[in-house]
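The values are calculated or read from the model by the stated rules, or taken from the named source; none is laboratory data. Just so we're clear, the structure is a prediction, and the values are computed from it rather than from any experiment. In case anyone asks, the SASA skips ligands and DNA or RNA and just uses the protein heavy atoms, side chains included. Shrake-Rupley method; radii C 1.70, N 1.55, O 1.52, S 1.80 Å.
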Amino acid sequence: MVYAIDDRTSFKETIALCQHVANIRHTDLPLFMLIGNKKDTENDREAQVTAREGYDLAKEMNCSFHELSTKANSEDVEKVFTEAIRKVIRRKLDRRALNEAKQTSHKRIMEIIEKNTCRNRAMSSVKETIDEYCATHSQDLSQDLSRDRSNTYT
């Protein structure tokens, strides 16, 4: 977002445009950089936009702030573009790492679910085996239980 430091109207338009973009893209805010242009006209700035106002807006927007002159110094412009490219690359790498972490977490959760599902199937199988054994050997188990009770109370 670029405004002219000697033109308060451009600064106000920048504020409105930032708010508009934030309202539209509230879930996926783009990277902002606030740039005050025409630093070479600092002497004409007295009743216009101060550097403090630029810093304050940048802080509110959670972005970096630069004042430069595209007319007087092309190196500053190059530095700003280089910073912007680095931020975009860093954001893409961060998102990729986050997505990989989410996928890894999802994969791990699915492994745990599968492991527990297998364990539950195994426990069901054990329970069915015990039930089947009890059903087929109920006579023997009743006799064993009676014998155990008589030994316990005697």
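Surface calculation, 1.4 Å probe, protein heavy atoms: Phe11 sits at approximately 10 Å² accessible.
Accessible area ranking (1.4 Å probe, heavy atoms, ligands and nucleic acids excluded), largest first, for Val49, Val77, Val2, Val88: Val2, Val88, Val77, Val49. Each distinct pair of alpha carbons in the range 1-100 adds a 1/r term; the inverse of their mean, the Kirkwood radius, is 14.6 Å.
Ranked by solvent-accessible area (1.4 Å probe, protein heavy atoms only, all chains present), the residues Lys79, Lys38, Lys59 order from largest to smallest as Lys59, Lys79, Lys38.
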